[in-house]
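Reviewing the structure listed below.
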Amino acid sequence: QVQLVESGGGLVPAGGSLSLSCAASGYIFSSYAMGWFRQAPGKEREFVIAVSWSGTNYADSVKGRFTISRDNAKNTVYLQMNSLKPEDTAVYYCAASRRSVAPMAVGAYEYWGQGTQVTVSS
């Protein structure tokens, strides 16, 4: 059974930093692209950042502020968020895709975590 479990969300002031983790189990982690998405109240889920063996893709809104990394030995993907803004407030989800690239479409991901809340205060 595939499981993705996010952790590390919380409340942070604008300009601060936060690190999220996503622990995966039940599949061959190293073979999958991993991505982070977010969903703010009343908005659609949107792509944030993703990594695969072929490279990394970023949403324009997070370039230069967010980074993604993965530890295949620990079956974990990380999201480091710096210079946070109030508009970064959302529920953040990690997701896994069988594709060899780092896809940006929600529909390209087969597995999803339950999400973790990130709130950036102004």
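The values are calculated or read from the model by the stated rules, or taken from the named source; none is laboratory data. Please read these numbers as outputs of a predicted model, since none were measured by experiment. Cβ placement follows ideal geometry from the backbone for every residue including glycine, while neighbour counts extend to all protein chains displayed. SASA here: full protein model, heavy atoms, side chains in, ligands and nucleic acids out. Shrake-Rupley method; radii C 1.70, N 1.55, O 1.52, S 1.80 Å.
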Scan of segment 79-109 for residues that are within 18 Å of Val2 (Cα to Cα) and part of a strand (DSSP E or B), ordered by number: Tyr93, Cys94, Ala95, Ala96, Ser97
Has segment 72-89 got any residue that is open to solvent by 60 Å² or more (accessible area, probe 1.4 Å), out of contact with any Phe, Trp or Tyr (no Cβ under 7 Å at 6 or more places or on another chain) and among the β-branched types (Val, Ile, Thr)? no
Total residues in segment 90-105, condition surrounded by fewer than 20 Cβ atoms within 10 Å (Cβ to Cβ) and closer than 24 Å to Asn72 by Cβ: 7
If you scan segment 25-47, which residues turn out to be within 14 Å of Ser69 (Cβ to Cβ) and either open to solvent by 60 Å² or more (accessible area, probe 1.4 Å) or in contact with a strand residue (DSSP E or B) (Cβ under 6 Å, 6 or more places away or on another chain) (or both)? Ser30, Ala33, Met34, Gly35, Trp36
When both residues are 6+ apart or on different chains and their Cβ atoms are under 6 Å apart, which pairs have a first residue that lies in segment 103-122 and is more than 24 Å from Ser83 (Cβ to Cβ) and hydrophobic (A, V, I, L, M, F, W, C), and a second that is surrounded by 18 or more Cβ atoms within 10 Å (Cβ to Cβ) and at pLDDT 95 or above? Ala108/Ser97; Trp112/Tyr93; Trp112/Ala95
